[in-house]
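FYI, it's all coordinate maths here, none of it is from the lab. Just so it is clear, the model here is predicted, and its values are computed rather than measured. Neighbour counts run over all protein chains shown; Cβ positions are idealised from the backbone, glycine included.
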Amino acid sequence: MALGQQVEKVGKMSVTSESVKRLREMSGAPMMECKKALEEAGGDPEKAFTILRKRGQAMAAKKAGRVTSEGLIGTYVHPGSKIAVIVEINCESDFVARNQEFQELAHDIAMHICATDPQFIRKEDVTPEALEREKAILREQALASGKPAAVIEQMIEGRLGKFYEENCLYEQHFIKDASASQTIRELITSKIAKFGENITVRRFARFKVGEGVTKAASENGAAG
């Protein structure tokens, strides 16, 4: 029987070629890895997706120390040409850098940066000054609740997660993910699992027309 016609019963759900294909589209993982994950999950696509994410994270952790000296520059110019982004995405080989899917990843991340305007790439990149400033704001808000000091510190640490999510690229939820459940870190991790190479965002720049420029007022407040 051809692979496309095979249906394997596992538990109460089935693993079909169509379900494998759907999971492949969701995760970006190889077909055989999707099939194995579905079998392990008893045919449940959500559980299988979680399994693939965990496996991808494990693979990414193993490859995290590997040098990424190849890659490319991704660009995105928003309609109207008022905002533009350039981002450097690195990988280990020119072979992967020339892959269309890798090029699409660079473009998608540039588009994401255009929309979300992150201030840092990773949590570890947040400057001590920025972190202390945010903690001071959160502490002032928490003190207003009248909670004990120990509880206030826990509240601050908990709310820092929101700060990281809003300001750090890797912690942000990917704008093209309709479910809003996949972060940029997880998106990159899925590509690491697929290509078998370490992938990193090295740097980016976001340009907005007129940003930082103070417009001069008309002489005497009015023309004429």
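Kindly establish whether residue 152 is under 27 Å from residue 203 (Cα atoms) and either surrounded by 13 or more Cβ atoms within 10 Å (Cβ to Cβ) or touching a strand residue (DSSP E or B) at 6+ places or on another chain (Cβ under 6 Å) (or both). Talk me through it step by step, then tell me what you get.
Working: under 27 Å from residue 203 (Cα atoms): no; either surrounded by 13 or more Cβ atoms within 10 Å (Cβ to Cβ) or touching a strand residue (DSSP E or B) at 6+ places or on another chain (Cβ under 6 Å) (or both): yes.
The answer is no for residue 152.
Annotation for region 171-183: at least one member residue is closer than 22 Å to residue 84 by Cα, surrounded by 18 or more Cβ atoms within 10 Å (Cβ to Cβ) and without any contact (Cβ under 8 Å) to a residue 60 or more places away in the chain. Residues that are touching a helix residue (DSSP H, G or I) at 6+ places or on another chain (Cβ under 8 Å), acidic (Asp, Glu) and under 23 Å from residue 177 (Cβ atoms) occur in region 16-38; there is at least one.
Step by step: first the residues of region 85-95, then only those that are in contact (Cβ under 8 Å) with a residue 40 or more places away in the chain and over 19 Å from the mean Cα position of the chain (by Cα), then the one that is farthest from residue 170 (Cα to Cα). Which residue is that? Walk me through how you get there before you give the answer.
To start, the set of residues in region 85-95 that are in contact (Cβ under 8 Å) with a residue 40 or more places away in the chain comprises 85-93.
Then drop every residue that is not over 19 Å from the mean Cα position of the chain (by Cα), which leaves 92-93.
On the way: 92: 19, 93: 22 Å.
That would be 93.
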